[in-house]
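*Asks:* First, the structure itself, so that you have it in front of you.
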Amino acid sequence: MSMKKKPIADATHNELVDYAKTVLGLEIKNGTQTGHVLAKIRQAQPDITEILYVEQPASAPVPVAAQPIARTNEALIAETEAKVAVSGELGTGPEHDPMVMIQIPKTGEPGGDRDVPVSVNGRQWILQRDRKIEVPLRVVEAMQSAMQTLYEQKQGGSAVERPETVSRDVLSYNFNILRYPSEPEIAAWRARTDAAFNP
């Protein structure tokens, strides 16, 4: 087995973990997402473009069990996510986003104690109120940009003046950010998703 160089963008999850542990001496826990490993490497070496890796001998392909013909969208999504997890490729789905810890408070208005549904690109998250919860960064960004218009009646100065309707735009979701990802983590995520959606 020999050491070779490879662009960091082409490295598999296992190659990134091996490089982070053996070359940089970083502590990487089992189950750490690829994006987090990449962020730690970039934090230790901001200008890195290539990594060293051990070339593994070619192995025989593993036979794949036959799949049922009819599969739901959820099954197809789960299958794709499983392939990404096994291959170690950098994924662009929400499960590969940096995670943000938020809390959505209850309010006194009607429905102010109900769970909050948030949809992003056809996927929905049901967020519980008054609990510390972790959500993908894309969910938080969607919540930060969601606006709604409120209308209020403003009474005139005298009793004969008709009330005036005034509108104002407010955030659709009232929430607090308790923990935000590091800048290198976010930069790595943006670079990965930009490359995937703007080839």
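The values are calculated or read from the model by the stated rules, or taken from the named source; none is laboratory data. A quick note: this is a predicted structure, and the numbers were derived from the prediction, not measured. Note: ideal-geometry Cβ built from the backbone for every residue, glycine included; neighbour counts use all protein chains shown.
*Asks:* Does region 98-119 contain any residue that is surrounded by fewer than 18 Cβ atoms within 10 Å (Cβ to Cβ) and touching a Gly at 6+ places or on another chain (Cβ under 8 Å)?
*Replies:* As a first pass, look at region 98-119 and keep what is surrounded by fewer than 18 Cβ atoms within 10 Å (Cβ to Cβ): 101, 103, 105-117, 119.
From what's left, touching a Gly at 6+ places or on another chain (Cβ under 8 Å): 106.
Yes.
Here's the yes/no breakdown for (1) assigned to a helix (DSSP H, G or I); (2) not hydrophobic (A, V, I, L, M, F, W, C):
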| site | (1), (2) |
| --- | --- |
| M101 | no, no |
| P110 | no, yes |
| I126 | no, no |
| E134 | no, yes |
| A142 | yes, no |
| Y151 | no, yes |
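*Asks:* Another question, then. Please verify whether P181 is assigned to a loop (DSSP other than H, G, I, E, B) and touching a strand residue (DSSP E or B) at 6+ places or on another chain (Cβ under 7 Å), treating the condition exactly as stated. Step through it out loud before you land on a result.
*Replies:* Numbers: assigned to a loop (DSSP other than H, G, I, E, B): yes; touching a strand residue (DSSP E or B) at 6+ places or on another chain (Cβ under 7 Å): yes.
Yes: the conditions hold for P181.
*Asks:* Further, regarding this structure: Can you name the residue in region 153-178 that is among the small types (G, A, S) and loosely packed, with under 10 Cβ neighbours inside 10 Å and is also modelled with the highest pLDDT among such residues? Before the answer, list the steps.
*Replies:* Filtering region 153-178 for residues among the small types (G, A, S) gives 156-159, 167, 172.
Pick out the ones that are also loosely packed, with under 10 Cβ neighbours inside 10 Å and you get 157-159, 167.
Values: G157: 64, S158: 65, A159: 64, S167: 84.
Restricting to residues being among the small types (G, A, S) and loosely packed, with under 10 Cβ neighbours inside 10 Å, the top hit is S167.
*Asks:* Evaluate region 127-145: report whether one residue or more is at pLDDT 85 or above, of a type outside the set (S, T, N, Q), touching a helix residue (DSSP H, G or I) at 6+ places or on another chain (Cβ under 6 Å) and farther than 30 Å from P46 by Cβ.
*Replies:* Taking every residue of region 127-145 in turn, none turns out to be at pLDDT 85 or above, of a type outside the set (S, T, N, Q), touching a helix residue (DSSP H, G or I) at 6+ places or on another chain (Cβ under 6 Å) and farther than 30 Å from P46 by Cβ.
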